[in-house]
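What follows is a set of notes on a single structure, which appears directly below.
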Amino acid sequence: MIVRIMGEGQVRLDDGRLTTLNKLDDELLAEMERGDEPGFRRTLGALLDAVRDAGTPLPDDSLEPSELILPSADATLDEVRAMLSDEGLIPG
């Protein structure tokens, strides 16, 4: 799976990592619903770190289509809400 983190680039991520990412996505959704800004910041950072740690960066000049697009680390609650689907940021 190719994942893009807005403002950073793309990584290739093994689909087997989705379980961990979905747990963080669920936490992020719950924090957003509660309006928990500190929790939102912490969990968004953990989600992006998990993608960076598990993924293999693609070259900057790579033009592969992204299967998943994640917000940047400095995205606001409203910006992330606009990116959400019924399943959160990460489908599954």
>> Per 0.36 nm of contour for each residue apart, how much would the distance between E37 and S85 grow if the chain were fully extended, relative to their Cα-Cα spacing?
In response: 15.3 nm
> Within the accessible area of the chain, what % is carbon and sulfur when the probe is 1.4 Å and the other protein chains stay in place?
Replying inline: 50
>> Heavy atoms only, 1.4 Å probe, whole protein assembly: order M32, M1 by accessible area, highest first.
In response: M1, M32
> Once the Cα atoms of helix 18-34 and of the chain are each reduced to a long axis, what angle between those two axes, in degrees from 0 to 90 to the nearest 10, is obtained?
Replying inline: 30
> In square angstrom, what is the accessible area per residue of the chain with a 1.4 angstrom probe?
Replying inline: 58
> Hey, what angle do you get for helix 37-54 against the long axis of the chain, alpha-carbon based, 0 to 90 degrees rounded to 10?
Replying inline: 20
> In terms of modelled amide H atoms, which long-range or inter-chain residues lie less than 5 Å from the amide H of L70?
Replying inline: R4, I5, M6
> Remind me, relative contact order of the chain in percent, using alpha carbon pairs under 8 angstrom and six or more residues apart?
Replying inline: 44
> So what's the back-of-envelope 222 nm ellipticity for the chain, counting only DSSP H runs of four-plus at -39500 (n - 2.57) apiece and dividing by all residues, rounded to 500?
Replying inline: -14500 deg cm²/dmol
> Given 0.36 nm per residue, what is the gain on full extension from D74 to D26 after removing their alpha carbon distance, in nm?
Replying inline: 15.4 nm
>> Can you tell me what share of the DSSP beta bridges in the chain is antiparallel? A percent to the nearest 5 is fine.
In response: 70
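The values are calculated or read from the model by the stated rules, or taken from the named source; none is laboratory data. Owing to the predicted nature of the structure, the values given are computational and were not obtained by experimental measurement. For the accessible areas, the whole protein counts, side chains as well, though only heavy atoms, and no ligand, DNA or RNA atoms are used. Shrake-Rupley method; radii C 1.70, N 1.55, O 1.52, S 1.80 Å.
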